[in-house]
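In what follows, a single structure is set out as structure tokens and then discussed.
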Amino acid sequence: VQQNPAQPEFHQAVKEVLETIRPAVEANEERYRQLALLERLTTPDRQLLFRVPWVDDQGQVQVNNGYRVEFNNALGPYKGGLRLHPTVNLGILKFLGFEQIFKNALTTLPIGGAKGGSDFDPKGKSDREIMAFCQSFMTELYKYIGADIDVPAGDIGTGAREVGYLFGQYKRLTNRFEGVLTGKGLAWGGSLVRTEATGYGLLYLVEALLASQGQDLQGKTVTVSGAGNVAIYAVEKAQQLGAKVVTVSDSSGWVYDPAGIDVALLKEVKEQRRERLTAYASAREGATYHDGRGVWTVATDIALPCATQNELDLTDAQALVANGVQVVAEGANMPTTLEATTYLQEQGVAFLPGKAANAGGVAVSALEMSQNSERLYWSLAEVDAKLRQIMQDIFTNITTTATEYGVSGNYVAGANIASFLKVAGAMEAQGVV
Ligand code: NDP
């Protein structure tokens, strides 16, 4: 805390990991201490901060902060998204980069952990302003990234449009067409299923959990928060698997749709028209719009927080339990506070942490890197089958690890211990660097 002042989200992410990996650390405590392994693991390899000047539509120069936190490359090139949101600061990107190390380790694919972004707010900006920002951002970032060095991707506020502008500028500056970003368009190096991967992967993990209990998603009620990339494809896959999803939300309010969310309409409003959820509610008979928070007050079997960090607190967890929730699976990164997580686990709710539950996105990003390296495209069926298998393998890995370390059913501990052991082993083998 003293070395990283005023970074509460980073402290929260580190605290959760350190507390849950205790059984794995204790077995090797002396050696890890001598190697300063935990100190090295919690200190980024590199933290880049830079100015991003760009010109708005009025001819006014605007200045934003740009960041890239290259946290750990013990397992492969740095990999992690770029977040564009006014709340972005170094502490938030350090928490996200730290989480990314462990998530990427769980995918079984050769990728290290990183995160970046800017306090730039894409909302309400014209396409030209978005392009001006992205080009300026890349004009600095390109010096530090590369297909075998650091491969950024999308995150909150960074979708296909932004990845396109970033890729174009990278190509122009380096004269190289290479897999330096993932989430690219399908015609120029992107992978099928990348757009859907995080939301689909989330449901594949929930499916694996339910299967282990002799259940499936058929007829289950699901509540989802968020209405962005992760939320939309979580809703779509949940419905394909037979569940009914009755909510979505954004930072202004939330929608209750008792007949089940109309995914085609949701995509049209959010992906094409780039409008708010009020537009969904007014176009959809039977759906109601409510200002503020409230998704977690709705009775549900399965809750999927897919918006942002710390959006599900203890009061929300209590309401979910009172309404009989069975499963909480994190589509977003660290959407559940530590108190809420502990409460849900104590109440016997199956809690799937983001590191495992939203790993499908970065897993397909790594598959995009593989396709770029061999200059081939794989079919939709092939990528989707690989994604489903990866999520099933993650479930097996975190379940057996939890059992092995005496914390059976604690998927947070299972995920943290399994990934920690992998990263720690690689760091030890590579010496003091
Ligand atoms: P998008 O920008 O596509 O959507 C984000 C959604 O969350 C929007 O509905 C947004 O509402 C809402 N939201 C954002 N900030 C807040 C806030 N402070 N309070 C309430 N609602 C908020 O992002 P993604 O769907 O890509 O990302 C969602 C989460 O999933 C993030 O935590 C991200 O890190 C995580 N994630 C994403 C992956 C991906 O592949 N995209 C992979 C793994 C994790 P509004 O429009 O009002 O801002």
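Read-outs: derived from the displayed coordinates by stated rules, not from any lab. Since the structure is predicted, the reported quantities are computational estimates derived from the model, not experimental observations. As a convention, Cβ positions derive from the backbone with ideal geometry for all residues, glycine included, and neighbour counts pool all protein chains shown.
Label the range 323-433 by shape, choosing from rounded, prolate and oblate, from the square roots a ≥ b ≥ c of the eigenvalues of the Cα gyration tensor; if a/c is under 1.5 it is rounded, and otherwise prolate applies when a/b is larger than b/c, oblate when it is not.
Oblate, because a/c is 1.5 or more while a/b does not exceed b/c.
Which order do His11, His85 fall in if you start with the one that has the fewest other Cβ atoms within 10 Å?
Final ranking by Cβ density, sparse to dense: His11, His85.
Looking only at the range 8-182, where both bridge partners belong to it, what percent of the DSSP beta bridges are antiparallel (to the nearest 5)?
70 percent
Normalising by the residue count of the range 198-352, find the relative contact order in percent from Cα pairs under 8 Å and 6+ residues apart.
21 percent
How would you classify the range 233-356 from its alpha-carbon gyration tensor, with a ≥ b ≥ c the square roots of the eigenvalues: rounded for a/c under 1.5, else prolate if a/b is greater than b/c, otherwise oblate?
Cα axes put the range 233-356 in the prolate bin.
In µm²/s, what is D for the range 8-182 at 4 °C and 1.567 mPa s, where D = kT/(6 pi eta Rh) by Stokes-Einstein and Rh is the Kirkwood radius from Cα pairs?
Using the Kirkwood radius from Cα pairs, D works out to 76 µm²/s.
Please report the spacing between the Cα centers of the range 291-310 and the range 131-186 in Å, no decimals.
The distance from the Cα centre of the range 291-310 to that of the range 131-186 comes to 32 Å.
How many percent of DSSP beta bridges within the chain run antiparallel, rounded to 5?
Rounded to the nearest five, the antiparallel share is 55 percent.
Could you work out Rg/(2.2 N^0.38 Å) for the range 30-93, with Rg from alpha carbons only?
Against the empirical 2.2 N^0.38 Å value, I get 1.58 for the range 30-93.
Would you grab the residues whose amide H sits under 5 Å from the one on Val245? Only those 5+ places off in sequence or on another chain, please, with H modelled 1.01 Å from N.
Val222, Ile261
Kindly work out what percent of the DSSP beta bridges joining two residues of the range 198-352 are antiparallel, to the nearest 5.
So the antiparallel bridges in the range 198-352 amount to around 35 percent.
State, to one decimal in nm, how far the label point of Arg22 lies from the label point of Arg46, with both points 7 Å from Cα in the Cβ direction.
That separation, rounded to one decimal, is 3.7 nm.
Just the Cα atoms of the chain: what Rg and Dmax do they give in Å?
Using the Cα atoms of the chain, the pair Rg, Dmax is 20.7, 64 Å.
Considering amide H positions built from the backbone, and no H for Pro or chain starts, which residues 5 or more places from Phe71, or on another chain, come under 5 Å of its amide H?
Asp45, Gly113, Ala114, Lys115
How about Lys270: which aspartates and glutamates have a C-alpha closer than 16 Å to its C-alpha, ignoring those fewer than 8 places off in the same chain?
Asp127, Asp155, Glu162, Glu196, Glu236, Asp250, Asp262
For the chain, what is the calculated [θ] at 222 nm in deg cm²/dmol (nearest 500), taking -39500 (n - 2.57) for each run of four or more DSSP H residues and dividing by its residue count?
So the helix-based figure for the chain works out to -14500 deg cm²/dmol.
Go through the range 251-260 residue by residue and turn each phi into a ³J(HN,Hα) via Karplus (6.51, -1.76, 1.60, θ = phi - 60°); whole Hz please, and just put x for glycine and proline.
6, 9, x, 9, 10, 10, 10, x, 7, x
Please compute the contact order of the range 301-433 in relative form: average sequence separation of alpha-carbon pairs under 8 Å and at least six residues apart, divided by the residue count, as a percent.
With pairs under 8 Å counted, the relative contact order is 18 percent.
Name the residues whose placed amide hydrogens come within less than 5 Å of the amide hydrogen of Leu352, ignoring near sequence neighbours (fewer than 5 apart) on the same chain.
Under 5 Å from the amide H of Leu352: Val328, Ala329, Glu330.
Compute the FRET efficiency between Ser373 and Arg274 as 1/(1 + (r/R0)^6), taking r as their Cβ-Cβ distance and R0 = 35 Å, and round to the nearest 0.05.
0.55
Which lysines have a Cα less than 18 Å from the Cα of Lys244, not counting those fewer than 8 places away in the same chain?
Leaving aside lysines fewer than 8 places away in the same chain, those within reach of Lys244 are Lys220, Lys267.
Restricting to Cα pairs below 8 Å that are 6+ residues apart, what does the relative contact order work out to for the chain? Please round to a whole percent.
Here the relative contact order equals 16 percent.
Quick one: dipole size for the range 8-182, taken about the Cα centre, charges +1 on Lys/Arg Cβ and -1 on Asp/Glu Cβ, in debye to the nearest 20.
300 debye
Run the reach check for Lys79 against lysines, Cα to Cα strictly under 20 Å, same-chain hits fewer than 8 apart removed. What comes back?
Lys94, Lys103, Lys115, Lys143, Lys171, Lys184, Lys355, Lys386, Lys422
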